[in-house]
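The values are calculated or read from the model by the stated rules, or taken from the named source; none is laboratory data. Model, not experiment: these values are computed from the prediction. Positions of Cβ are backbone-derived with ideal geometry, glycine not excepted, and every protein chain shown enters the neighbour counts.
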Amino acid sequence: MPPSRPTIPTRAWLLLLLAGVAGMLFYIDRQTLSVLKSTLKDDLGWSDTDYSWLLTAFMVPYTLCYLVTGQLIDRWGTRVMMPVFLGIISVATMLTGLAGNLWTMGACRFVLGAAEAGIVPAVLVAIVTWFPRDRRGTANTVNKPLTVAGQILVAPLAAWITVEAGWRWAFLLPGLAGLLAAQLWWMLDRSPPQYEPTPVPAGPPPTYREVMRTRVIRGVLLARIVSDPLWFFLMFWQPGFLQEEIGLSLDEFGRIGWIPAAVSVGFLMLAGVTSDRLIDRGWSPAASRIRILLLAALLSPAVLLLRWVEQPALAITLLTIVQVMTSIWLSMTGLLMSDLVPRRMVGTSVAIMSAFGAAMGTVFNMFAGPLIESVGYASLLGVACLLHPLAAGILWWSYGVSRTEPVSAPPATVAR
């Protein structure tokens, strides 16, 4: 008779929904500035160079602070750190709405980037804490739709608030919502269930050296370094590609530009449920995540096909396929990392992985602009289409796809 599954408390599901709200605010607070770029240029007298400086003011601390936030989460837990991160990004967003000059707004974006580096690892640690291994994929499918909703809603929401009440309220209202979410998290995140036979040890968080010497994580770490640049490229350049290369107007983009993010939600849910079903059939958690990642990488030819597309409907279709692939990779590699390391190292390990990925995304986008100006999108798309197959090859080489062999640190491989 198979062992009975542990009961997941109602509070775990409430926290999961709240984690989705945190992820949604993560995107809204970040992307509202991009949506209102033209409005703010006219109102505050910015140049494109000024806007580029604001992006840098966000990305640099966002990348570097991953190296700090993970250890803070492993040391103090999500009950303390998630409200801190949510509170800081909410205040920074509200102060952005009150800013009157470029330097003040740049300082707000700097603080926002630093605090946002804590949201992703905190959400994953919360899932690991409140859900058993064989239900984390399903938990991820509940969390992701709300997170991706931030990408879908930010453009119409920011535009509507700006038209009705002015651009400053487009920052102030999400900031107020974030403060409420921080208070609710503090109230709910207490007395988590104990699913593992051995409790999480108290004490200082793992050091960076300890994490980097854990051989089993090197494959997924390198795979994220290789694959993340395409995700960041889509985030910053997809609107320009559709308008400059495909010929969409801004109004047309507003009507259909949300489709790739919306469709990716359904496939993220399918990937999470499929992963848990593979575990039910005898696969180890890590092997089930790897199989999903390898299959998702087969969608990469859609990136290359974009270089020959002229019809808007076909371009949106291909971009949807690409976003499904990149979203699954971001989601499943986080779960894979949580399967590979001990519980006490999850926050730091995920933060290090995210930091390396964001750093490579920043470098890729620094060269993207000059390359597009000189030779167009074609060469860049040709390189980008190789990233996920290469990352999939790294996972295959590092771990294989054994069905049943359990995975835990410190083994060097999942299976060979």
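Only one entry in Ala99, Ala92 is modelled with pLDDT of 90 or more, aliphatic (A, V, I, L, M), touching a Cys at 6+ places or on another chain (Cβ under 8 Å) and farther than 19 Å from Val346 by Cα, namely Ala92. If we keep just the residues of segment 259-303 that are in contact with a Pro (Cβ under 6 Å, 6 or more places away or on another chain) and within 18 Å of Met235 (Cβ to Cβ), which is modelled with the highest pLDDT? The extreme case among them is Ser300.
If you scan segment 379-395, which residues turn out to be farther than 14 Å from Arg218 by Cβ and either touching an Asp or Glu at 6+ places or on another chain (Cβ under 7 Å) or touching a residue at least 24 places away in the same chain (Cβ under 8 Å) (or both)?
Correct list: Leu380, Leu381, Gly382, Ala384, Cys385, Leu386, Leu387, His388, Pro389, Leu390, Ala392.
Only one of the listed residues (Thr56, Thr39, Thr69, Thr78) is in contact with an Asp or Glu (Cβ under 8 Å, 6 or more places away or on another chain) and not small (Gly, Ala, Ser). That residue is Thr78. Of the residues screened, Thr39 is one that is surrounded by fewer than 19 Cβ atoms within 10 Å (Cβ to Cβ), modelled with pLDDT under 90 and of a type in the set (Val, Ile, Thr).
Conditions tested, residue by residue: (1) surrounded by fewer than 21 Cβ atoms within 10 Å (Cβ to Cβ); (2) under 16 Å from the mean Cα position of the chain (by Cα); (3) free of Cβ contacts under 8 Å to residues at least 12 places away in the same chain; (4) over 22 Å from Thr138 (Cα atoms).
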position	(1), (2), (3), (4)
Ser284	no, no, no, no
Arg289	no, no, no, no
Ile292	no, no, no, no
Ala297	no, no, no, no
Pro301	yes, no, no, yes
Ile328	no, yes, no, no
Leu336	no, yes, no, no
Pro342	yes, no, no, no
Val350	no, yes, no, no
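Residue by residue, here is whether (1) modelled with pLDDT of 80 or more; (2) surrounded by 15 or more Cβ atoms within 10 Å (Cβ to Cβ); (3) assigned by TED's automatic domain parsing to the domain that holds Thr348 holds:
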| residue | (1), (2), (3) |
| --- | --- |
| Trp160 | yes, no, no |
| Glu164 | yes, no, no |
| Leu173 | yes, yes, no |
| Leu180 | yes, no, no |
| Trp185 | yes, yes, no |
| Pro197 | no, no, no |
| Val200 | no, yes, no |
| Arg213 | yes, no, yes |
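Among helices (runs of 4 or more DSSP H) entirely within segment 257-368, having at least 1 residues that are of a type in the set (Val, Ile, Thr) and closer than 30 Å to Arg209 by Cβ singles out 285-297, 312-340. Gly45 satisfies every condition listed in (1) on the phi > 0 side of the Ramachandran plot; (2) in contact with a Phe, Trp or Tyr (Cβ under 6 Å, 6 or more places away or on another chain); (3) not acidic (Asp, Glu) except (2).
Across segment 1-36, the number of residues qualifying as closer than 22 Å to Phe131 by Cβ, β-branched (Val, Ile, Thr) and modelled with pLDDT under 80 comes to 1.
Here Val154 meets each of (1) buried (at least 22 other Cβ atoms within 10 Å of the Cβ); (2) free of Cβ contacts under 8 Å to residues at least 24 places away in the same chain with one exception, condition (2). Summed over segment 215-236, residues that are at pLDDT below 90 and of a type in the set (Asp, Glu) total 0. Of all positions in segment 42-65, none carries a residue that is within 20 Å of Asn140 (Cβ to Cβ), assigned to a helix (DSSP H, G or I) and either modelled with pLDDT of 80 or more or assigned by TED's automatic domain parsing to the domain that holds Thr129 (or both). Scanning segment 374-385 for residues that are assigned to a helix (DSSP H, G or I) and closer than 15 Å to Gln238 by Cα returns Tyr377, Ala378, Leu380, Leu381, Ala384.
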